[in-house]
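Below: one structure, written as structure tokens.
The values are calculated or read from the model by the stated rules, or taken from the named source; none is laboratory data. On a predicted model such as this, the values are computed, not experimentally measured, just so you know. Note that we place each Cβ from the backbone using ideal geometry, even for glycine, and neighbour counts take in every protein chain shown. Surface accessibility is based on the protein's heavy atoms, side chains included, excluding ligands, DNA and RNA. Shrake-Rupley method; radii C 1.70, N 1.55, O 1.52, S 1.80 Å.
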Amino acid sequence: MADHYETLGVSREASLEEIKKAYRKLARQLHPDVNPSEEAAEQFKSVTHAYDVLSDPEQRQRYDMGGQQGGAGGFGDIFETFFGGGFGGGSRGPRAREERGEDALIRVDVKLSEVVFGVQRDITVNTAVLCNTCGGNGCQPGTHPVTCDVCRGQGQVQREVRSLFGNVVTMHPCGSCQGYGTIIESPCVECAGKGRLRERRTMQVDIPSGIDTGTRMQMRGGGEVGPFGGPNGDLFIEFRVEHDDVFSRDGNDLLSTMQVSMTDAILGTEVNVESLDGSVKVEIPAGTQSGDLVSVRGRGIQGLRSTTRGDLKIAMQVATPTKLSHKEKSLVEQLAKLRKEEPPHFGEFKQSFFGKLRDRFFG
């Protein structure tokens, strides 16, 4: 790789003003707007890179030190021999560009009916995906990273500092290549040299039965792709079960209420009603009271990681008629005389199941 000073045509002792003057002169000759040839374009890149390094005092110092042989470097080798690495951080070599992607968290609303057996859903996430143009390496197709001429591909540069022991050489990440050891001179225009793009992606998810609000599911590798084609992070899905107007939930049991006419409560009956997973037969025993509980086994929610279902528990609410015809009223009066009921009186307070349900809905 050509020496930066030779590229700009200046001496190693050139001042910053001399470096700027040399760069302006060459740039006017090689700029693509003036000289469209491919050879000039390559020279213009080299000249611009040389100027970027030499016009920055810190990078220029690192470049100069990286080009020196022996001297202080031998002192650093002594520390490496006795302590197993460069003093002040060690000689670890260039770091990899590929990194693991970030984990992602999304929240998904599900209906109570979807919780009974689980459901398969398509969800859309805004995430980072691999750039198809460069394949994740960040380079414009047909190009590749070049060795950093500041650190000579080591990813680190030497720095001499004063200490109680004299001058000590320490190793630090190269500021020119950020410690990678290589530089991407022609970044991919599609992903701006990152190797990945933001994209809305749709994926199919199997939502298990029995989940509840706050339940989280982990999809390994479903998160963002890492920089420069690094491995994907994980995707975490947090669920929220939506409110249902008819059914509530207690663990894996479904709770609801049923309004029963006075005559059905007295005589008993059998009805078919629609639940969350189809028609269900409910037997209402004779003499049913408001708050009485009727259970239908196995018609609740299938448990998480289980094949067993909870029960459907229904609290009865006996509806007393408010408007009676003359004949209906006469019949009820006859019934009252036949039964010789006790007059209204205080009794022992017992909170019915319906009362508990009411507290659950409105408490």
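The spacing between segment 1-21 and segment 230-262, judged by their C-alpha centroids, is 72 Å.
As a calculated quantity, the FRET efficiency between Lys20 and Arg305 at R0 = 51 Å, using C-beta atoms, amounts to about 0.15. For segment 35-50, putting each phi into the Karplus relation 6.51 cos²θ - 1.76 cosθ + 1.60 with θ = phi - 60° gives couplings of 10, x, 5, 5, 4, 5, 4, 5, 5, 5, 4, 5, 5, 5, 5, 4 Hz, in residue order, rounded to whole numbers and with x for Gly and Pro. Would you give the gap between the C-alpha center of segment 269-327 and the C-alpha center of segment 91-132, rounded to a whole Å? Value for the Cα centre distance between the two parts: 42 Å. Counting 0.36 nm for each residue step from Ile123 to Leu338 and taking away their Cα separation leaves a gain of 70.9 nm.
Compared with the direct C-alpha span, the chain from His243 to Ala41 gains 66.2 nm at full extension, assuming 0.36 nm per residue. Our coupling estimate for segment 318-334, obtained by passing each phi through the Karplus curve with A = 6.51, B = -1.76, C = 1.60 and θ = phi - 60°, is 7, 8, 8, x, 9, 10, 10, 6, 4, 5, 4, 5, 5, 5, 5, 5, 5 Hz, Gly and Pro reported as x. Loop-located trypsin sites (Lys or Arg not before Pro) in segment 1-63 (DSSP state other than H, G, I, E, B) with a sparse environment of at most 16 neighbouring Cβ atoms within 10 Å: Arg12. Spin-label pair Glu328-Met203: with each label point 7 Å from Cα along the Cα-Cβ axis, the two points sit 6.0 nm from one another.
Projected onto its three principal axes, the C-alpha set of segment 244-321 covers 45, 20, 18 Å, listed from the longest axis down. For Val119, the residues whose modelled amide H falls within less than 5 Å of its own, excluding neighbours fewer than 5 places apart on the same chain, are Ile207. Highest mean packing first, where packing is the average number of other Cβ atoms within 10 Å per residue, the peptides 179-186, 136-143 line up as 179-186, 136-143.
Full-extension gain between Ile266 and Ala319, please, as 0.36 nm times their residue separation minus the C-alpha to C-alpha distance. If you can, show how the numbers build up before the last one.
Working: separation 53, 0.36 × 53 = 19.08 nm, distance 1.14 nm.
Full extension of this stretch gives 17.9 nm more.
Amide H contacts for Gly226 (H built 1.01 Å from N in the peptide plane; partners 5 or more residues away or on another chain; cut-off under 5 Å): Gly101, Asn232, Gly233. Computed from label points 7 Å out along Cα-Cβ, the spacing between Arg95 and Arg159 is 1.4 nm.
In order along segment 118-127, phi translates into HN-Hα couplings of x, 7, 9, 10, 8, 10, 10, 10, 9, 9 Hz, rounded to whole numbers, per the Karplus curve 6.51 cos²θ - 1.76 cosθ + 1.60 with θ = phi - 60° and x for Gly and Pro. Protein heavy-atom accessible surface, 1.4 Å probe, per residue over segment 244-321: 53 Å².
Annotation: amide H-H contacts under 5 Å for Gln140 (H modelled 1.01 Å from N, sequence separation of 5 or more, or interchain): Ser186, Cys188. Report note on the peptides 270-278, 292-300: ranked by the mean count of other C-beta atoms within 10 Å, highest first, their order is 292-300, 270-278. Model label points for Glu283 and Ala27, set 7 angstrom from Cα along the Cα-to-Cβ axis, are 9.3 nm apart.
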